[in-house]
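The block underneath contains the structure these notes are about, expressed in structure tokens.
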Amino acid sequence: MIGVGVPASAQATTASPIHWGPVTSSAGHSGHAKADVWISDFSAETFTVHGKLYDRDTHRGHCASIRARFHYVGGGTGWSRPRSTCSARSSFRLTSDGEINRVDVKVCLYDLGLRKTFNCHVDAITPEIIANWPQ
């Protein structure tokens with residue numbers, strides 16, 4: 001039995017991360033950016049989005065970028081700092097500043113010369129979506 005004799009607060013902190021899966025930048029370009037995304041439980045005080053970010057664009061100066069927009073339980077939203085890589089694979093970790101009820105994970109290609117993102121794709125993740133997954 002899991003959690004027997006362990007306080008509820010300790011059980012919440014030991015919850016396993018949830019594998020959301022791949023998030024890939026939108027089509028319309030010969031290369032793309034891809035992230036293998038894991039998330040913490042929505043009941044966590046500090047919500048975490050982490051995983052591996054992949055640059056799958058062979059154009060020089062095009063890299064992969066990821067960012068998260070957190071929707072806070074008390075209202076309002078906030079963006080994480082963007083993370084980017086120009087290598088084949090890199091780890092990332094994005095965290096909220098409090099409890100959330102939704103996160104938007106945005107994966108894009110990043111043009112180093114222009115210093116801007118393009119061909120972005122956003123996955124909106126909510127507790128309801130996770131709850132409805134087949135067990």
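General observations
- For region 12-52, alpha-carbon Rg over 2.2 N^0.38 Å: 1.48
- Calculated [222 nm] ellipticity per residue, helices only, for the chain: -1500 deg cm²/dmol; basis is -39500 (n - 2.57) per DSSP H run with n ≥ 4, divided by all residues, nearest 500.
- The fraction of accessible area contributed by carbon and sulfur in region 5-135 is 49 percent, rounded to a whole number (1.4 Å probe; ligands and nucleic acids excluded).
- Whole-Hz ³J(HN,Hα) from phi, Karplus 6.51 cos²θ - 1.76 cosθ + 1.60, for region 56-72, glycine and proline x: 10, 10, 7, 5, 4, x, 9, 10, 9, 9, 9, 8, 10, 10, 9, 9, 7
- Separation of the Val73 and Glu45 label points, Cα + 7 Å toward Cβ, nm: 1.1 nm
- Residue-span extension gain [Lys116 to Thr95] - 0.36 nm each, minus C-alpha spacing: 5.3 nm
- Largest first, the three principal axis extents of the alpha carbons in region 37-90 are 43, 19, 11 Å in whole numbers.
- Our estimate of slack between Thr126 and Ser30, defined as 0.36 nm per intervening residue step minus the Cα-Cα distance, is 31.5 nm.
- A 1.4 Å probe run over the chain, with the rest of the protein chains in place, finds 60 Å² accessible per residue.
- Residue by residue, region 92-97 carries 3J(HN,Hα) couplings of 9, 8, 10, 10, 8, 9 Hz when phi is fed to the Karplus relation 6.51 cos²θ - 1.76 cosθ + 1.60 (θ = phi - 60°); x denotes Gly or Pro.
- A cut-off of 5 Å between modelled amide H atoms, ignoring neighbours fewer than 5 places along the same chain, links Asp57 with His32.
- Förster radius 30 Å - calculated FRET efficiency between Ile18 and Ala88, Cβ distance, rounded to 0.05: 0.75
- Protection proxy ranking, peptides 90-103, 31-44, average beta carbon neighbours within 10 Å, highest first: 31-44, 90-103
The values are calculated or read from the model by the stated rules, or taken from the named source; none is laboratory data. Predicted model only: the values in this text are computed from it and were never measured. Every residue, glycine among them, receives a Cβ derived from its backbone with ideal geometry; neighbour counts consider all protein chains shown. Just so you know, the surface numbers come from the protein's heavy atoms only, side chains and all, with ligands and any DNA or RNA stripped out. Shrake-Rupley method; radii C 1.70, N 1.55, O 1.52, S 1.80 Å.
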